[in-house]
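Heads up: the structure comes next, in structure tokens.
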Amino acid sequence: MSGHRAGPHFLQIPGPSNVPGRILRAIERPTIDHRGPTFQALAKEVLAKVKPVFKTEHPVIIFPSSGTGAWEAALVNTLSPGDTVLMYETGQFSTLWVELATRIGLKPEVITGDWRRGVDPAAIEERLSRDKEHKIKAVCVVHNETSTGATSRIGLVRKAIDAARHPALFLVDTISGLASADYRHDEWGVDVTITGSQKGLMLPPGLGFNALSPKAIEASKSAKLTRSYWDWGSQLGQNPSGNFPYTPATNLLYGLLEACDMLMDEGLDNVFARHERHGEATRRAVRAWGLEIQCQEPSEYSPVLTGVVMPDGHDADAVRKVILDKFDMSLGAGLGKVKGTMFRIGHLGDFNDLMLMGTLAGCEMGMRIAGVPIKPGGVQVAMDYLAGNA
């Protein structure tokens, strides 16, 4: 093979997602003085424009970090050493959050799951109802589990907490869900929403976010876990004047401003409908191939990605390698418990019908080359659905 491959690489992992040209051009602006008036105006504008993406009227904290950093920030600002937190296992990323909570001195209590569904609100309500002494200080769940393609019904989880009459804080990871799947921070009574820049926000990795509720801000005043870099207090004090307590990711904030404008120009409801439509087309293709979808609960199918389960005896990572080598397309690997048994098709961010058709064509051709026993025609089924629902 030559060193050059014609055409663009197809980045169809469920994040980082493709960064559109408008955002790339915004990021490449000259770096500016992060203590000067030009930056202060930028910061005020972007901090205001990001709130509608979370559907909140309350503060949104932005860190130069990964989503993992935003996880840690959410925990250390609201909790104290030895606190019990109720966490629900929906996949690899919920598991990693449990590990982080343990390392920083919390005591996670985990409701186990099968990695094929989202959070069961009834299980949350049942456990909280038994916690008469309110030892559980927070409920932590993943909105869109990137490792499986299951989207939990966060509004129902909020209702379960309320039905149990429990005062626990409600922390939600929507790192892969925000700006791709419907999400409502204020309406759903979330205390801390956690996300990152590299998925539905269409930016490169590098920004972590905490959207706050008044209850979370109040909890931060008495929380005892050690925090310095992650401290909300410094941000809450300086952000209103357009300042940050340390050097912010200035150029990524230019990109974030452009991303917010793009999302609002399209309209969030239209963004969500587009993602739902692409998710449905993808699932129809998978079923037409005669394959199984990792998520088994239709009401929790993710609009962000689809997990494709391989037949027994076929290594999903080997199939992904064939597709990468032959067609220059990256697909998401199976993680943790499902490593090698499934791959993930990302259909999120700056993504349209023709990009999806190219993605599905690459999957169908690659699986045939790899010897996976699929039925032909999945691409045609998806195309017929898209053409009939344009």
When you go through 307, 313, 290 one by one, which is the residue that is outside any helix (DSSP H, G or I), open to solvent by less than 10 Å² (accessible area, probe 1.4 Å) and among the small types (Gly, Ala, Ser)?
-> 307
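I'm trying to understand the selection: among the residues of region 240-295, which are aromatic (Phe, Trp, Tyr), more than 23 Å from the chain's Cα centre (by Cα) and at pLDDT 95 or above?
Applying the first criterion (aromatic (Phe, Trp, Tyr)) to region 240-295 yields 244, 246, 254, 272, 289.
If we keep only those that are more than 23 Å from the chain's Cα centre (by Cα) as well, we get 244, 246, 289.
Correct list: 244, 289.
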Just give me the residues in region 332-363 being out of contact with any Leu (no Cβ under 8 Å at 6 or more places or on another chain), outside any loop (DSSP other than H, G, I, E, B) and either hydrophobic (A, V, I, L, M, F, W, C) or open to solvent by 50 Å² or more (accessible area, probe 1.4 Å) (or both), in sequence order.
-> 333, 337, 338, 342, 354, 355, 360, 361
Go through region 28-58 residue by residue and tally those that are closer than 16 Å to residue 256 by Cα, within 24 Å of the chain's Cα centre (by Cα) and crowded, with 19+ Cβ neighbours inside 10 Å.
-> 6
Could you identify the single residue in 128, 24, 96, 100 that is assigned to a helix (DSSP H, G or I) and under 28 Å from residue 243 (Cβ atoms)?
-> 24
Hey, does region 52-73 have a residue that's of a type in the set (Asp, Glu), closer than 22 Å to residue 244 by Cα and either modelled with pLDDT of 95 or more or out of contact with any Leu (no Cβ under 8 Å at 6 or more places or on another chain) (or both)?
-> yes
Region 293-304: number of residues that are open to solvent by less than 10 Å² (accessible area, probe 1.4 Å) and in a helix (DSSP H, G or I) | 1
Going through region 27-79 in order, the residues found to be farther than 13 Å from residue 194 by Cα, part of a helix (DSSP H, G or I) and of a type in the set (Ser, Thr, Tyr) are 38
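Pick from region 131-164 the residues that are in a helix (DSSP H, G or I) and of a type in the set (D, E, K, R): which of them is farthest from residue 94 (Cα to Cα)? Spell out how you get there, then give the answer.
In the first step, residues of region 131-164 are kept if they are in a helix (DSSP H, G or I); the result is 154-163.
With the extra rule that they be of a type in the set (D, E, K, R), the set shrinks to 158-159, 162.
Details: 158: 18, 159: 21, 162: 22 Å.
My answer is 162.
To keep it simple, each residue is scored yes or no on (1) part of a helix (DSSP H, G or I); (2) surrounded by 17 or more Cβ atoms within 10 Å (Cβ to Cβ); (3) without any contact (Cβ under 8 Å) to a residue 60 or more places away in the chain.
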{"position": "235", "(1), (2), (3)": "yes, yes, no"}
{"position": "244", "(1), (2), (3)": "no, yes, no"}
{"position": "247", "(1), (2), (3)": "no, no, no"}
{"position": "252", "(1), (2), (3)": "yes, yes, no"}
{"position": "264", "(1), (2), (3)": "yes, no, no"}
{"position": "270", "(1), (2), (3)": "yes, no, yes"}
{"position": "275", "(1), (2), (3)": "yes, yes, no"}
Run down 170, 209 and say which single residue is under 19 Å from residue 258 (Cα atoms), out of contact with any Cys (no Cβ under 8 Å at 6 or more places or on another chain) and outside any loop (DSSP other than H, G, I, E, B).
-> 209
Residue 200 meets each of (1) of a type in the set (Gly, Ala, Ser); (2) open to solvent by 10 Å² or more (accessible area, probe 1.4 Å); (3) under 21 Å from residue 275 (Cβ atoms) with one exception, condition (2)
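Listed here are the residues, each with its yes/no results for (1) open to solvent by less than 30 Å² (accessible area, probe 1.4 Å); (2) closer than 16 Å to residue 71 by Cβ; (3) not acidic (Asp, Glu).
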| residue | (1), (2), (3) |
| --- | --- |
| 127 | no, no, yes |
| 139 | yes, yes, yes |
| 154 | yes, no, yes |
| 167 | no, no, yes |
| 188 | no, no, yes |
| 215 | no, no, yes |
Filtered residues of region 86-103 (kept if open to solvent by 40 Å² or more (accessible area, probe 1.4 Å), more than 15 Å from residue 337 (Cβ to Cβ) and either touching a helix residue (DSSP H, G or I) at 6+ places or on another chain (Cβ under 7 Å) or charged (D, E, K, R) (or both)) = 103
Tabulated pairs, region 31-48, first over 13 Å from residue 60 (Cβ atoms), second open to solvent by 60 Å² or more (accessible area, probe 1.4 Å) and in a helix (DSSP H, G or I), C-beta under 9 angstrom, 6+ apart or interchain = 32/38
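The values are calculated or read from the model by the stated rules, or taken from the named source; none is laboratory data. Everything quoted here is computed from the prediction, not taken from an experiment. Positions of Cβ are backbone-derived with ideal geometry, glycine not excepted, and every protein chain shown enters the neighbour counts. Side chains included, ligands, DNA and RNA excluded: accessible areas come from the protein's heavy atoms. Shrake-Rupley method; radii C 1.70, N 1.55, O 1.52, S 1.80 Å.
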